[in-house]
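The values are calculated or read from the model by the stated rules, or taken from the named source; none is laboratory data. The model shown is predicted, which means the values in this text are computed figures rather than measured ones. Glycine gets a Cβ as well: all are built from the backbone with ideal geometry, and neighbour counts include every protein chain shown.
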Amino acid sequence: TGIYVAGLGGELPKVPVDAGALERAAEAVLPPSDFAYLAGGAGQGRTMQANTDAFARWPIVPRMMRGSARRDLSTELLGHTYASPLLLAPIGVLECAHPEADLAVARAAAAEGVPYIFSSQASVDMETCAAAMGEAARWFQLYWSSDDELTRSFVRRAEDVGAQAIVLTLDTTLLGWRPRDLDFSSLPFMRGRGLAQYLSDPVFRSRLSSANTPALNPPRTPALLTAMAELGAKGAEVGLPLEAMLAAVARFSATFSRPDLSWDDLSRLREWTRLPIVLKGILHPDDAREAAARGMDALIVSNHGGRQIDGSVGALDALPAVVAAAGGLPVLFDSGIRGGADVFRALALGARAVLLGRPYAYGLALAGEAGVREVIQNVLAELDLTLGLAGVPRARDVDRQAVTRN
Ligand code: FNR
């Protein structure tokens, strides 16, 4: 109703409401290589396609005369009551979308009452984002570095900024094969983007002088000077000379992940923190069983928005079997959520909550904090309507009866 009333006064939405139009509008305002980084997927894009196709296989079957004048979107998760089953997914390198990046998203999330999952690859460090959020809920997403001391430092900082959970992302031990980034020969990290958590970390910084950092050896061309200018400017912001920034990029590339991370490593993380541990990137029911047996606190069914393996299972298709195998652990979901009716379907297939990904990054690209707020409001408004129209007024009551297998 708010949108229509504002329309009477001649005020149009700041960002397109339709998800496809939102993406196209972001594409129109962003430099092509930045849009490619945000929108791109692995290989030929088959997993991204599978993610959205999967929703068509699970149509909603509404019930009549079970509606209510007021819907209840709230959900219980890891000992907290959240206003809705929506969180903002960790998205790295948001400076590709907007100069205010994570900071604008943090403010929008706090204003809308939606928990924000800070990324390990953030463009603004977690301390700055947390300070902008007041008491609002935030989680922290971890990539487990091959430098255990650094991993531990990230976890400690997440505790210090009041994160309510650690989300350990398992599906990105190696960076996916992403043709659009490769065609642009452009990976933001190489220009020092998305390294804010690292550059502000005492352990990471203490490593920069050490001789064990392999050197980067780009061809000495004029283009290098341009890239170095961006790197140098970033260094100036954090008080690091260009040489140290080059070492930082090299150090990050060499240690950002631990490709041989194993289930046994989880016991170390458990020793380091008392925060709930949430495993992100689970698609196979046996992995869900393993996680439950290892005493994990929650899972996120996700294929990283189709950015890692080409032609992997659509995330929504993987959800029911993971829920069945998870032994009662709360299961969250992402990869393909484009509106409130998608949230509803994920809830129907057993998700306790969902993460919104690219759509909020597009809102950010178009209108900064206000754009992110509008995207959140639209998803929640559509969820609210869908609950009412489908005859399930409480989000936590949505179950398998609400959808059918097509
Ligand atoms: C991501 N995602 C991600 N995940 C994560 O755990 N840490 C990260 O730093 C990032 N970075 C990131 C950057 C960009 C540009 C995108 C699009 C995604 C994955 C993200 O959390 C989520 O799983 C997907 O975005 C969900 O898919 P959709 O809904 O965006 O298609």
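Can you tell me which residues in the range 158-184 are touching a residue at least 12 places away in the same chain (Cβ under 8 Å), part of a helix (DSSP H, G or I) and within 16 Å of the ligand (Cβ to nearest atom)?
Ala158, Pro179, Arg180, Asp181
Of all residues in the range 306-321, which are at positive phi and within 13 Å of the ligand (Cβ to nearest atom)? Break it down into steps so the answer makes sense when it comes.
Of all residues in the range 306-321, those at positive phi come to 306, 311.
Scanning the range 306-321 gives a single hit, Gly306.
Testing Ala341 on (1) over 21 Å from Pro62 (Cβ atoms); (2) within 16 Å of the ligand (Cβ to nearest atom), one condition comes back false. Which one is that?
(1)
Out of all the residues in the range 264-302, which are outside any helix (DSSP H, G or I) and of a type in the set (Gly, Ala, Ser)? Write out each step before concluding.
Just the residues of the range 264-302 that are outside any helix (DSSP H, G or I), to begin with: 273-284, 294-302.
Across the range 264-302, the qualifying residues are Gly281, Gly295, Ala298, Ser302.
For the range 121-148, name all the residues that are polar (S, T, N, Q), in a loop (DSSP other than H, G, I, E, B) and in contact with a Ser or Thr (Cβ under 8 Å, 6 or more places away or on another chain).
So the first thing to find is which residues in the range 121-148 are polar (S, T, N, Q), and the list is 121, 123, 128, 141, 145-146.
Still in the running and in a loop (DSSP other than H, G, I, E, B): 121, 123, 145-146.
Matches in the range 121-148: Ser145, Ser146.
Okay, residues lined up against (1) at pLDDT 95 or above; (2) among the basic types (Lys, Arg); (3) under 27 Å from Glu100 (Cβ atoms):
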position	(1), (2), (3)
Arg345	yes, yes, no
Ala365	yes, no, yes
Val379	yes, no, yes
Ala395	yes, no, no
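Here are some residues: Ala39, Ala28. Which one is among the aliphatic types (A, V, I, L, M) and within 16 Å of the ligand (Cβ to nearest atom)? Even if it seems obvious, please write down each step before you answer.
Numbers: Ala28 fails: within 16 Å of the ligand (Cβ to nearest atom).
Of Ala39, Ala28, the one residue that is among the aliphatic types (A, V, I, L, M) and within 16 Å of the ligand (Cβ to nearest atom) is Ala39.
Answer with yes or no whether Gly336 is in a loop (DSSP other than H, G, I, E, B), buried (at least 23 other Cβ atoms within 10 Å of the Cβ) and within 11 Å of the ligand (Cβ to nearest atom).
On the way: in a loop (DSSP other than H, G, I, E, B): yes; buried (at least 23 other Cβ atoms within 10 Å of the Cβ): yes; within 11 Å of the ligand (Cβ to nearest atom): yes.
When the stated conditions are applied, Gly336 passes them.
For residues that are part of a helix (DSSP H, G or I) and among the aliphatic types (A, V, I, L, M), tally how many sit in the range 7-34. I'd like the intermediate steps shown before the answer.
Kept after step one, since they are part of a helix (DSSP H, G or I), are these residues of the range 7-34: 7-8, 19-29, 32-34.
With among the aliphatic types (A, V, I, L, M) added as a condition, the list becomes 8, 19, 21-22, 25-26, 28-29.
Within the range 7-34, residues that are part of a helix (DSSP H, G or I) and among the aliphatic types (A, V, I, L, M) number 8.
Which pairs turn up if I take residues in the range 131-151 that are on the phi > 0 side of the Ramachandran plot and look for partners that are crowded, with 18+ Cβ neighbours inside 10 Å with beta carbon separation below 7 Å, at least 6 apart in sequence or on another chain?
Gly134/Ala110
Out of curiosity, is Gly327 more than 20 Å from the chain's Cα centre (by Cα), more than 14 Å from Phe55 (Cβ to Cβ) and within 16 Å of the ligand (Cβ to nearest atom)? Please lay out each step first, then the result.
Working: more than 20 Å from the chain's Cα centre (by Cα): yes; more than 14 Å from Phe55 (Cβ to Cβ): yes; within 16 Å of the ligand (Cβ to nearest atom): no.
So Gly327 does not fit the description; no.
Take residues that are among the hydroxyl-bearing types (Ser, Thr, Tyr) and tell me which of the strands (runs of 3 or more DSSP E) falling wholly in the range 54-96 contain 1 or more.
Output list reads 75-77, 80-82.
In the set Glu230, Glu243, which member is part of a helix (DSSP H, G or I) and farther than 13 Å from Leu208 by Cα? Write out each step before concluding.
Working: Glu243 fails: farther than 13 Å from Leu208 by Cα.
Just one listed residue meets the conditions, Glu230.
Count, please, the residues in the range 356-387 that happen to be surrounded by 23 or more Cβ atoms within 10 Å (Cβ to Cβ), more than 16 Å from the ligand (Cβ to nearest atom) and of a type in the set (A, V, I, L, M).
Of the residues in that region, 1 qualify.
Test Leu349 against the criterion of being hydrophobic (A, V, I, L, M, F, W, C) and closer than 24 Å to Gly79 by Cα, and give yes or no. Reasoning before the result, please.
On the way: hydrophobic (A, V, I, L, M, F, W, C): yes; closer than 24 Å to Gly79 by Cα: yes.
Here the answer is yes, as Leu349 does meet what is asked.
Determine whether Ala101 is modelled with pLDDT of 95 or more, farther than 27 Å from Arg270 by Cα, among the small types (Gly, Ala, Ser) and within 15 Å of the ligand (Cβ to nearest atom). Outline the logic, then answer.
On the way: modelled with pLDDT of 95 or more: yes; farther than 27 Å from Arg270 by Cα: yes; among the small types (Gly, Ala, Ser): yes; within 15 Å of the ligand (Cβ to nearest atom): yes.
In short, yes.
Mind checking which residues of the range 185-194 are within 15 Å of the ligand (Cβ to nearest atom) and either buried (at least 23 other Cβ atoms within 10 Å of the Cβ) or of a type in the set (A, V, I, L, M) (or both)?
Answer for the range 185-194, where residues must be within 15 Å of the ligand (Cβ to nearest atom) and either buried (at least 23 other Cβ atoms within 10 Å of the Cβ) or of a type in the set (A, V, I, L, M) (or both): Leu187, Arg193, Gly194.
Across the range 44-76, which residue is farthest from the chain's Cα centre (by Cα) among those that are of a type in the set (D, E, K, R), within 25 Å of Leu87 (Cα to Cα) and surrounded by 12 or more Cβ atoms within 10 Å (Cβ to Cβ)? Walk me through how you get there before you give the answer.
Looking only at the range 44-76, we keep the residues that are of a type in the set (D, E, K, R), and these are 46, 53, 57, 63, 66, 70-72, 76.
Going one step further and asking which of them are within 25 Å of Leu87 (Cα to Cα), we end up with 53, 57, 70-72, 76.
From what's left, surrounded by 12 or more Cβ atoms within 10 Å (Cβ to Cβ): 53, 57, 71-72, 76.
Working: Asp53: 21, Arg57: 24, Arg71: 27, Asp72: 25, Glu76: 20 Å.
The extreme case among them is Arg71.
Consider the range 154-184. How many of its residues are under 30 Å from His80 (Cβ atoms) and either within 17 Å of the chain's Cα centre (by Cα) or surrounded by 17 or more Cβ atoms within 10 Å (Cβ to Cβ) (or both)?
Adding up the residues that qualify gives 16.
Considering (1) part of a helix (DSSP H, G or I); (2) of a type outside the set (D, E, K, R); (3) free of Cβ contacts under 8 Å to residues at least 24 places away in the same chain, say which one Tyr37 fails and leave the rest.
(3) is the only condition that Tyr37 fails.
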